1. Filter the range 62-101 for residues that are part of a loop (DSSP other than H, G, I, E, B) and crowded, with 17+ Cβ neighbours inside 10 Å; which is modelled with the highest pLDDT?
2. Kindly provide the set of residues from the range 166-197 that are part of a loop (DSSP other than H, G, I, E, B) and farther than 12 Å from L153 by Cβ, ordered by number.
3. Criterion first (under 22 Å from L16 (Cα atoms), part of a helix (DSSP H, G or I) and either at pLDDT 85 or above or not assigned by TED's automatic domain parsing to the domain that holds L86 (or both)) does V124 satisfy it?
4. Would you check which residues across the range 43-79 are in contact with a Ser or Thr (Cβ under 9 Å, 6 or more places away or on another chain) and farther than 15 Å from G115 by Cβ and list them?
5. Can you spot a residue in the range 159-166 that is touching a strand residue (DSSP E or B) at 6+ places or on another chain (Cβ under 8 Å), among the small types (G, A, S) and at pLDDT 80 or above?
6. Tell me, which residue of the range 165-185 that is within 32 Å of the chain's Cα centre (by Cα) and over 18 Å from L209 (Cβ atoms) is surrounded by the fewest Cβ atoms within 10 Å (Cβ to Cβ)?
7. List every residue pair whose Cβ atoms sit under 9 Å apart, with the two residues 6 or more apart in sequence or on different chains, where the first one lies in the range 160-184 and is in the same structural domain as P205 (by TED's automatic domain parsing) and the second, anywhere, is modelled with pLDDT of 80 or more and among the aromatic types (F, W, Y).
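The values are calculated or read from the model by the stated rules, or taken from the named source; none is laboratory data. No experiment lies behind these values; they were computed from the predicted model shown. Here the Cβ positions follow ideal geometry from the backbone for every residue, glycine too, while neighbour counts run over all protein chains shown.
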Amino acid sequence: MEFFDFLQEFNLCTMLIRVFLAALLGGLIGSERGRHGRAAGLRTHILVCVGSAMTSLTGLFAVQVLGNTGDVFRISAQVVSGIGFLGVGMILVRNRTVITGLTTAAGLWATATIGIAVGYGFYVGAVAATLLCVVAVPVLGHFEEKKKTITNLYIEVSETNRAGEIVRELRSLFSTVVSVDIIAPKSNAAGRVGILLLVKAYNIPEETLRAVEQLDGIDYIVEDCNA
């Protein structure tokens, strides 16, 4: 019990413990995001968690060391709303109907609150929240992948004059087309166009994909499983 009582004290040693613990907990969450190739990975989550912890420590330092009589929670309160500006940069709208990056943005917000908790010495809550984030996100993500009902297909067409006809042929092959968008070709090749096709299906049969590939004017087709 003496050790836990010591951790609740505010001195140089406990400040260092809280900063390094924030880096560790933020790194655990960030490593999971990094493995999935997200823009906000290990380094970003560590910086967010440590920075949030520092807001808590700064408030405590101002009150307990400098004798400031202000609100000890004022600085940290701005983190909860301010982190949204960083999180919104992670959110992308694809194909006008599919939104990606919400999990990463929510993870940054959760990491910030964990850092605040560590800074104030709420170790148990911070560690429990981190374990939930590290365990729940990949497990639930795997479950959601199994429940996925939308498949995104990218098709590149060389005969641009047949783009409209190809779209009609695609609609006849897929009975559950959600949306179709004509975009610039990802290959950047001249004289081509790209078609983004959103289909309401978990898996597209191989024979259907082969039928698409055999349409005149189509160079290649790619199934995007992360749609």
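1. Ranking the candidates gives V72 first.
2. Within the range 166-197, S175, T176, A184, P185, K186, S187, N188, A189, A190, G191, R192 qualify.
3. Here the answer is yes, as V124 does meet what is asked.
4. Within the range 43-79, V63, V72 qualify.
5. The answer is yes; a qualifying residue exists.
6. Result: A184.
7. Taking only residues 6 or more apart or on different chains, the pairs are I183/Y154.
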